[in-house]
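Reviewing the structure listed below.
Derivation of every value follows stated rules applied to the coordinates shown; laboratory data play no part. Remember, predicted model here, so these are calculated numbers, not experimental data. Here the Cβ is made from the backbone with ideal geometry for all residues, glycine too, and neighbour counts use every protein chain on show.
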Amino acid sequence: MAVPASSFRSLRVNQVTGAIISSAMRVHSILGPGLLESVYQGCLHHELRKRDFQVASQVGLPVVYDGEKIELGYRIDLVVENLVVVEVKSVEAIHPVHQAQLLSYMRLSGIGVGLLINFYVTHLRDGIKRMVDGKNWEK
């Protein structure tokens, strides 16, 4: 019996998000809260590369408007395996605007799964939000 390709993709996405979360927890346990976002992003990038994941940092994201690509300076913090967008924060609280930002990055990039990771918390498990764009996440 053949397993649909979308099932393999779902499994792969879940494995990648699990590895990202595990790596983020390692970074957080070593550094603790209170540093700049760029520090956590760089260390998370390093941890994921050590695990042999393909990771792109500060990925430019143009906006397509009226059929034309317009570079407006948007940057995705990390893209892992071209499957997951990671937005790194170090803020007192995650607000709806942070979730909207991640969802916009996911839609503009065509990547259907994203992680919003806030390193400012005492326990990192309280700072992780996984988001799925219902339209594209298994594509």
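Scanning the range 32-65 for residues that are in a loop (DSSP other than H, G, I, E, B) and farther than 15 Å from G127 by Cβ yields L36, R51, D52, F53, Q54, L61, P62.
Checked against (1) of a type in the set (D, E); (2) touching a helix residue (DSSP H, G or I) at 6+ places or on another chain (Cβ under 9 Å); (3) free of Cβ contacts under 8 Å to residues at least 24 places away in the same chain, E47 passes all but condition (3). When the test is whether a residue is touching an Asp or Glu at 6+ places or on another chain (Cβ under 9 Å) and outside any loop (DSSP other than H, G, I, E, B), I76 passes it.
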